[in-house]
Amino acid sequence: MIVNRRSLLKTTAATVAACTAPSLWRSASAADTIKVGALYSQTGGLSIVEKLLANAVMMAVSEINATGGVLGRQVEVIIEDGASDPKTFAEKASKLIIEDRISTVFGCHTSASRKAVLPIFERRNAMLFYQTHYEGFECSRNVVYSGAVPNQQLGNYIPWIVKTLGKKKFFIVGSDYVYPREMAKVSKKLIEANGAQWTGDEYLELGHSEWAAMVRKIKESGADVVLSNVVGDSIISFYREFKNQGLSQQTLPICATVTSEVEIAAMGAEYAAGSYTSFPYFMSIDTPANKKFIENFRKFTNDPKAVTYHSLEAAYFQVFLWKQAVEKAGNISADAIRAAVRGQTYDAPGGKVLIDADNLHAWLKPRIGQWQADGQSKVVDAYPEPIKPLPYSAYGETAENLYCTAKGLDATKLN
Amino acid sequence: MIDILFIGLSLGSILLLVSLGLAITYGSMGVINMAHGEMVMLGAYTTVLCGKWLGANLFVAIPIAFLVTAAIGFAIERVVVRRLYGRLLDTLLATWGIAILLQQAVRLEFGLSFFGIHVDGLGPGLQNVAVPTLLQGTVAVGAVALNSYRSFVILVTLVTTLATWIILNRSPVGMQVRAIIRNPHMAAACGIDVKRINSLTFAFGSGLAGIAGVMMSGFKSIFPDMGTPIAVDGFLVVVAGGLGSLSGTVMSAGMLGEINGLIATATNDTIARAVVFGVVILIILLKPKGLFSFKGR
């Protein structure tokens, strides 16, 4: 563009006019897009899993934009990289909330990263949508938890193992950090309440891959079922060692709470065939909605062999819950979204979900899958309906006696 | 009891496999090769790539990984290590740099990822190798059922150790290597081409690490920085066993493996690891030159 005196005058006049009419300005720029954040590790050790979750969020957003966006506006995702490091997560969360003035972030995968960003979301009053199944014991007004809490994974699981599989002696094994230890706490209560007993409760370092001594211990313990809260790539060496020491999933099954389609594909389906996992979602759920979801995800990621699993599905459907909340509220402030998201229901690929009006966790339908030789699960047991999330079930919370309500945590009940 | 001892034996054999190459490079050449763990990693990645691109199983990967890592080791010696003999701290830093370069090379798929090209089997992610059906489950030896894969690892360790011993003690090249271990200047004065022998020794040590990598790939997930903790274990074994002594390395690997196995069975793996470190510290305090070392002249 050649700047001559006339055009300069023209643009100056236009700018001045625009500046003197600030209301006009604001509505013009606001009509552009609604910005949300996606905070997952794009680099580092956790990036493989977290990139998948980020993809699920992006896919949901692109579907929303294709059907007209939210409140008639397109949704724009600002992606930040947590770099597999809780501290970086905290920095990037601050950036999204303070610099970009974003009120909603989808993100975090590990409990460590969620705990790191939580104070920022609470102090600055923004909303985090968190999709991973976790250990509970949290009651934040600034987080919508779309993944399972212990009572939704174990509440039906332990009674089913005792009654249907006829198992009486549990060996509990996990990776050594907060999630497996909290899961073990809930499990022991349920095991004893169902008239069974546990003979071992052992932990191995996170990322440990030498399972010889532990598997021998399981073999010698006289247990007739293993409850596994092992996470990450340790899962692969665990299942392999299990088979290689001559243990059979038929007589001594591993019943897991973390092992998903991803790990089964990585270890080789033959090692896990016959074992069980409890999750609200499995890739094998045979509904048109789920088939469509798998197909779309494979197309979106350009990977014809991509697998879908619980956290991935939750990462996807939480975006639609957010959309519905924004549409109900009519604006995108955190307070409005929080008020509107309570009680929102959505038909997710795995079935109906509902955000609890008290604790902002999702009502999910517990299912038990048995892993088959093809690496997929067969759902052998399912609740008829989604059940209420109880993040404090390890500490005695029941549906009649809630610890976490819309008012916040009642700390007096914790002892 | 037999199964506990077997676990210890298996742990010891893995340690030995990793430290064998180190015992040779560190022991004979006095080079602290910080990139040794990365040789193990490259061996593991060779297994992955063999599986994905050649459709070859673990057995085929063993000789290929040996050749690949030996060639890379040879190149590293020629280009970098050769110029730094006698400068312990410099070799340490230089090989550490090489270690980081190798990790990043795998992570960035040798730079191809910058151009949007993805090589299946490389990259920052976790890789896993399918174990041949033959090595899954258990194998009956007499009245006890032993873990097939672990038995195979023990077997491979036995063979490579024996081969190393024969090369060192029964071949002309081996004699020259032993002469260099004792006194490189005297060896050179006697007409041994120290430079050539050192290149070969370094390549051989790296090749052994490559075999260790193939064996590790059946146990654990493979990722670019898997080598670092493995190399730490290797150094422990070599230091405890005594520099330049093959039998010392064998004994200390066996001993640390059994201690680890016994304590892990009695308590847990975390305590077992602490005890192993404690034992190594004790050995270094009481016998600074390791359990089996040469008397220097």
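The values are calculated or read from the model by the stated rules, or taken from the named source; none is laboratory data. Computed from a prediction, not measured in an experiment: that's the story for all the values here. Here the Cβ positions follow ideal geometry from the backbone for every residue, glycine too, while neighbour counts run over all protein chains shown.
Below are the figures for this structure:
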read-out	value
So B:Ala188, is it within 14 Å of another protein chain (Cβ to nearest Cβ) and out of contact with any strand residue (DSSP E or B) (no Cβ under 7 Å at 6 or more places or on another chain)	no
Within region A:210-245, tally of residues that are farther than 17 Å from A:Lys169 by Cβ and surrounded by fewer than 20 Cβ atoms within 10 Å (Cβ to Cβ)	1
Residue ranges of helices (runs of 4 or more DSSP H) in region B:210-290 with at least 3 members within 14 Å of chain A (Cβ to nearest Cβ) and in contact with a Leu (Cβ under 8 Å, 6 or more places away or on another chain)	B:246-266, B:269-286
Flag for B:Asn198 being within 30 Å of B:Asn128 (Cα to Cα) and either surrounded by 22 or more Cβ atoms within 10 Å (Cβ to Cβ) or not basic (Lys, Arg) (or both)	no
Extreme residue, modelled with the lowest pLDDT, among residues of region A:29-63 that are of a type in the set (D, E, K, R) and within 16 Å of A:Ile78 (Cα to Cα)	A:Asp32
Exclusive hit being farther than 19 Å from B:Tyr26 by Cβ and touching a Gly at 6+ places or on another chain (Cβ under 7 Å), set B:Val119, B:Val131, B:Val141, B:Val156	B:Val131
Pairs with Cβ under 6 Å, 6+ apart, first in region A:169-193 and under 19 Å from A:Gly207 (Cβ atoms), second among the aromatic types (Phe, Trp, Tyr)	A:Gly174/A:Tyr203; A:Asp176/A:Tyr203
Residue list for region A:126-142, restricted to those being out of contact with any helix residue (DSSP H, G or I) (no Cβ under 7 Å at 6 or more places or on another chain) and hydrophobic (A, V, I, L, M, F, W, C)	A:Cys139
Residue satisfying all of: in region B:101-127; in contact with an Asp or Glu (Cβ under 8 Å, 6 or more places away or on another chain), within 14 Å of chain A (Cβ to nearest Cβ) and on the phi < 0 side of the Ramachandran plot; surrounded by the fewest Cβ atoms within 10 Å (Cβ to Cβ) among these	B:His118
Residues (within 14 Å of chain A (Cβ to nearest Cβ) and polar (S, T, N, Q)) located in region B:151-168	B:Ser151
Sole residue being in contact with a strand residue (DSSP E or B) (Cβ under 7 Å, 6 or more places away or on another chain) and either more than 14 Å from chain A (Cβ to nearest Cβ) or farther than 20 Å from B:Gly73 by Cα (or both), chosen from B:Ser206, B:Ser171, B:Ser148	B:Ser148
Region B:81-96, subset of a type in the set (A, V, I, L, M, F, W, C) and surrounded by 16 or more Cβ atoms within 10 Å (Cβ to Cβ), residue nearest to B:His185 (Cα to Cα)	B:Leu84
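For (1) surrounded by fewer than 24 Cβ atoms within 10 Å (Cβ to Cβ); (2) within 14 Å of chain B (Cβ to nearest Cβ), each residue gets a yes or a no:
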| site | (1), (2) |
| --- | --- |
| A:Phe279 | no, no |
| A:Ile285 | yes, no |
| A:Ala289 | yes, no |
| A:Ile294 | yes, no |
| A:Asn302 | yes, yes |
| A:Gln324 | yes, no |
| A:Glu327 | yes, no |
| A:Ile332 | yes, no |
